[in-house]
Amino acid sequence: MPFFIPLGIPDFNGKKERDFFQFTYNIEDNDAIELLIQIRDGKNVIYEETISNVSKLTQGEHIWQWDGFDNNGILDTAKLTQAKSLNFYATGKDTDGNIDRSSTDFEANYDKVEWVDVKIDKTASRIDVTLRVNLKDGGEKGTDKECYELGKSRNAPIVKICPWDKIPEKEIKKYGKTPIMSRVKSFEILKEMALDGINTHWSRRYTNTFGTIISDKNWEIIVNAIQDENGMKTPEIEYITNGKPGRSRNWEFSRILYYNIGYLDFSDWYNIKSDWRWRNESFAVPIFQETSAHEIGHEILLAYGGHSYSKKHKGTSTLLQSENGGLKYPKDEIDLMKYYDEEYVADFNKVVASEKDVLSLLWLTKLELK
């Protein structure tokens, strides 16, 4: 069966895909003097074109191609895949005044994934991407929910033990902050933060990039991630404080996204005995949002470029996640999906998915035509 890719975005290896729907029509008996071709959903016209080229009005079989855009210059894959009755409809009039009509039904179904739609506005040079994800609640660690009492069974004084008790007193004095005892951000809040992070770092706006070039034309691409239980496989979100921070990940056997806040023991990260640090919300929020976009990105890269491209961070790490090293943060755009030598980026606004990776979202809306 033939396929269609919006704007003909190339596959991972650079092979350009077909960017048109192709239909045939047959003119019998007399030549036509008028021919109106329509793409319709039932009786609703999506696009129409009057054929004026005389060579296309002669007797015989002819080919007609459609780029997928409607009469308003909009290509909307959601509308095409959700249409109830797509049809190619032709109305012709011959030299004797006879009028003939013909209709060919067809379907357009997603071939690669079911969790992304694109809406392309040719006039505005803008592409809107709807990305459906299924974020789940992974609970919390280090809060008062983990407190317990000792001494009840031994008739001894009851002692309440809580996660923050293990924080060295000198560290609390050093930072001057009271440990977080109960979570201050619900799952709903963290979910919205994660969605905002995806939108921010996967969109290629004119305000944070130089745009995105497709066939010598500069486009602005806006991603809108939405919660959908039937969406992309995504991590659970877990709230962590007063303990070892979690390392977020998103692969087939383990999907978890950590929001690390407050007092955190980084000793395992740096192979030292004790390394308690205080993480402010002003840093916890942007690093969580950037991490959310990065981890969700692994599923996108996997669908587009395969396991190596995704798990090796586009060649900047091993499969076991060890950094290859040697890559410094650039002055302009910082690739969201690569590993760099520096631990944290100074300006999260510079972190954005690359042109190729964002355009992969368009490629993933590949349509199979029946």
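The values are calculated or read from the model by the stated rules, or taken from the named source; none is laboratory data. Keep in mind that what you see is a predicted model, and the values were worked out from it rather than measured. Please note: Cβ atoms are built from the backbone with ideal geometry, for glycine as well, and neighbour counts cover all protein chains shown.
Figures for the structure shown
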| read-out | value |
| --- | --- |
| Some residue of region 285-297 being assigned to a loop (DSSP other than H, G, I, E, B), of a type in the set (Gly, Ala, Ser) and in contact with a Phe, Trp or Tyr (Cβ under 8 Å, 6 or more places away or on another chain) | no |
| All positions within region 73-103 that are surrounded by fewer than 16 Cβ atoms within 10 Å (Cβ to Cβ), in contact (Cβ under 8 Å) with a residue 24 or more places away in the chain and within 30 Å of ASN224 (Cβ to Cβ) | GLY73, ALA78, LYS84, SER85 |
| In region 75-94, the residues that are closer than 18 Å to ILE37 by Cα and part of a loop (DSSP other than H, G, I, E, B) | SER85 |
| Candidates ILE127, ILE180, ILE120 - the one that is under 37 Å from the mean Cα position of the chain (by Cα), closer than 30 Å to THR200 by Cβ and assigned to a loop (DSSP other than H, G, I, E, B) | ILE180 |
| Identity of the residue in region 1-51, among the small types (Gly, Ala, Ser), in contact (Cβ under 8 Å) with a residue 12 or more places away in the chain and out of contact with any Ser or Thr (no Cβ under 7 Å at 6 or more places or on another chain), that ends up farthest from GLY68 (Cα to Cα) | ALA32 |
| Candidate set: region 130-158, residues that are surrounded by 14 or more Cβ atoms within 10 Å (Cβ to Cβ) and of a type in the set (Ser, Thr, Tyr); chosen: the one nearest to the chain's Cα centre (by Cα) | THR130 |
| Residues that are outside any loop (DSSP other than H, G, I, E, B), in contact (Cβ under 8 Å) with a residue 40 or more places away in the chain and under 30 Å from ASP29 (Cβ atoms), drawn from region 104-117 | THR104 |
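Here's the yes/no breakdown for (1) among the hydrophobic types (A, V, I, L, M, F, W, C); (2) modelled with pLDDT under 95:
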residue	(1), (2)
LYS122	no, no
LYS136	no, no
LYS160	no, yes
ALA194	yes, no
ARG204	no, no
